[in-house]
Amino acid sequence: DSGGEECSDLDSELPERLSSCCKQMRQIAIQLGRMQQEHGLSIDPNEYCAESLKMGLVHVVYEWALGVPFQRICELTLVQEGSIVRTITRLDELCREVRNCARVVGNPTLYRRMEAASVAIKRDIVFASSLYVS
């Protein structure tokens, strides 16, 4: 599964700021795994992290958000085009959910960041109408 690469495998491709964010997400996932373990679940925190976070397309989605054409995006990975599209649309759904949560808790900065992220990825063929999806 090429979508399951860990963040450390991608460090050479990612800008430092993005690589740092990936490392922070891994640390948070390990902490969540430890908390679950402490509360009686038979979970290995490192396995929980590896199974929960799939960082293999971080670089691809990052390049997409920067405006790189879809054809060039597809050349960055062996992952099928449909999986790339699905990943980007799921990220947009996540941005929308976080944006709604930010609105509810009164965090306008987070709201604006999620709005900007959504605008950056919501373009071209990835969000074009499809004959198969309505």
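The values are calculated or read from the model by the stated rules, or taken from the named source; none is laboratory data. Remember, it's a predicted structure, so these values are computed and weren't measured experimentally. In this analysis, Cβ positions are derived from the backbone assuming ideal geometry, glycine residues included, and neighbour counts consider all displayed protein chains. The accessibility values were calculated without ligands, DNA or RNA, using every heavy atom of the protein model including side chains. Shrake-Rupley method; radii C 1.70, N 1.55, O 1.52, S 1.80 Å.
In sequence order, the stretch 31-42 has phi-based couplings of 4, 4, x, 5, 4, 5, 5, 5, 9, x, 7, 8 Hz under the Karplus curve 6.51 cos²θ - 1.76 cosθ + 1.60, θ = phi - 60°, and Gly or Pro positions carry x. Simple rule: put +1 on each Lys or Arg Cβ and -1 on each Asp or Glu Cβ in the stretch 46-134, find the dipole, and look at Val79, Val126, Leu57; the Cα lying farthest toward the positive end is Val126. Looking at the chain as a GNM with Cα springs under 10 Å, which of Ala50, Ala116, Ala65 has the largest mean-square fluctuation? Judging by the Gaussian network model, the answer is Ala116. Sequentially through the stretch 72-85, phi angles give Karplus couplings (6.51, -1.76, 1.60; θ = phi - 60°) of 5, 4, 5, 6, 7, 8, 8, 5, 5, 4, x, 5, 5, 4 Hz, Gly and Pro residues having no value and appearing as x. If you look at the Cα atoms of the chain, you get an Rg and a Dmax of 16.4, 49 Å. Taking Lys and Arg as +1 and Asp and Glu as -1, the other residues whose beta-carbon sits under 15 Å from that of Arg113 total +3.
The portion of the accessible surface of the stretch 15-113 made up by carbon and sulfur, rounded to a whole percent, is 52 (1.4 Å probe; DNA, RNA and ligands excluded). Of the whole protein surface, Val119 contributes about 100 Å² of accessible area at a 1.4 Å probe radius. A simple rule links phi to the HN-Hα coupling: the Karplus curve 6.51 cos²θ - 1.76 cosθ + 1.60 with θ = phi - 60°, which for the stretch 117-126 gives 5, 4, 4, 5, 9, 8, 7, 6, 5, 4 Hz, with x for Gly and Pro. Accessible surface area normalised per residue over the stretch 9-95 is 65 Å², counting heavy atoms of protein chains with a 1.4 Å rolling probe.
When only C-alpha pairs under 8 Å and at least 6 residues apart count, what is the relative contact order of the chain, in percent?
In percent, rounded to a whole number, it is 21.
With the cut-off at 1.5 for a/c, could you classify the stretch 41-101 from its C-alpha gyration tensor as rounded, prolate or oblate? Oblate is the answer for the stretch 41-101, as a/c is 1.5 or above yet b/c matches or exceeds a/b.
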